[in-house]
1. Run through region 1-106 and list the chymotrypsin sites (Phe, Trp or Tyr not before Pro) located in a DSSP loop whose Cβ has at most 16 other Cβ atoms within 10 Å.
2. Might you report the magnitude of the Cβ-based charge dipole of region 8-223 about its Cα centre, with Lys and Arg at +1 and Asp and Glu at -1, to the nearest 20 debye?
3. Once fully extended, how much extra length lies between K210 and R64, figured as 0.36 nm per residue of separation less the alpha-carbon to alpha-carbon distance?
4. For region 8-223, give the share of DSSP beta bridges that are antiparallel, in percent and rounded to the nearest 5; count only bridges with both residues there.
5. Of the cross-linked pairs K41/K98; K53/K210; K22/K68; K147/K186; K78/K124; K147/K178, which ones have a Cα-Cα span greater than 21 Å in the structure shown?
6. Would region 66-149 count as rounded, prolate or oblate if I go by the C-alpha gyration tensor, calling it rounded below 1.5 in a/c and otherwise prolate when a/b exceeds b/c, oblate otherwise?
7. Placing one identical point scatterer on every Cα of region 8-223 and ignoring solvent, what is log10 I(q)/I(0) from the Debye formula at q = 0.14 Å⁻¹?
8. Within region 5-36, which GluC sites (Glu not before Pro) sit in a loop by DSSP and count at most 15 neighbouring Cβ atoms inside 10 Å?
Amino acid sequence: MGKADGLIANIVTEWKAPEEIKGPDARILTMPNIPQPLHGKGFQPRTIVSPSKWTIMRKKCYMRAGYKCQACGKDVSKKGTAHAHELFSIDYATGTSKFERLVCLCEECHVRFIHSGRMFTMLKKNSPLMTRDRVLEGIEHGFKIIKEYNDAHDEPIYPFAAFITGLEDDRIADDVAKLIEKYDMKFYGHISEKMGAARWQDWKMIFNGKEYRTIYADQDAWEQAMEEQHPEKVTNPFSGGIFDEVDKILKEGK
């Protein structure tokens, strides 16, 4: 039996961002990782608009949220602790990622849960800011919020299946398994090309009504581009910069 056996609750064709967010909303934490065809600069508002406009966008986001994390409710009014997260609705059948809005998040919800793919990559690369303990703390933080939501609602929500990656790392596998059992977590995955998902070359991101199409023809092209752009480095999900910059942001946010 595989490590993921029994953990997948369902396979979805699309993930829709919550239309209205009033107070803490755990559904934000179920956003999937950005599809690989849309990785890199030019597929996120923060890399399309000017730095000054991005600063205005994210500060307005913080103010609208009252400097509270919109996923868990944590106060993020202290300088450097508020994170602006780009919320997308993703349709795997049509290969469309549509920017919906910015949401204000804390570091735990943002860096150590929603960006799970990047988190596990940082752990693999032995980043001093994404240690074993920090990863496990982030996973438990998100699981706890989702469990509380499910206990209060008839229709459960599930985290994205990327967290199963934690069962593949010997440093954290046993503890991740215990957290999955403790919070009774199930996960969702999305359809693949074999199931009818869009081809690599058909993927596009929509921002302000304009389409930004992938530049990668397939997985091999993507892997080559990632190696050329960021050899042995991890992309910063806030600005598109590299590892050193995101480390600086996280340090300032402590």
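What follows draws every value from the coordinates through simple rules; no lab data is involved. A quick note: this is a predicted structure, and the numbers were derived from the prediction, not measured. Every residue, glycine as well, gets a Cβ built from its backbone with ideal geometry; the counts of neighbours run over all protein chains shown.
1. Details: sites: W15, F43, W54, Y62, Y67, F88, Y92, F99; in loops: F43, Y67, Y92.
Of the chymotrypsin sites (Phe, Trp or Tyr not before Pro), the ones in loops of region 1-106 whose Cβ has at most 16 other Cβ atoms within 10 Å are Y67.
2. Values: 33 positive and 30 negative charges, 246 e Å.
It comes to approximately 1180 debye.
3. On the way: separation 146, 0.36 × 146 = 52.56 nm, distance 2.53 nm.
Length difference between fully extended and current span is 50.0 nm.
4. Working: 16 of 24 bridges.
Of those bridges, close to 65 percent are antiparallel.
5. Values: K41/K98 16 Å; K53/K210 17 Å; K22/K68 11 Å; K147/K186 10 Å; K78/K124 30 Å; K147/K178 15 Å.
Among K41/K98; K53/K210; K22/K68; K147/K186; K78/K124; K147/K178, the Cα-Cα distance tops 21 Å for K78/K124.
6. Working: a/c = 1.62, a/b = 1.14, b/c = 1.42.
Taking the square roots of the gyration eigenvalues as a ≥ b ≥ c, region 66-149 is oblate.
7. -0.92
8. Passing sites in region 5-36 are E19, E20.
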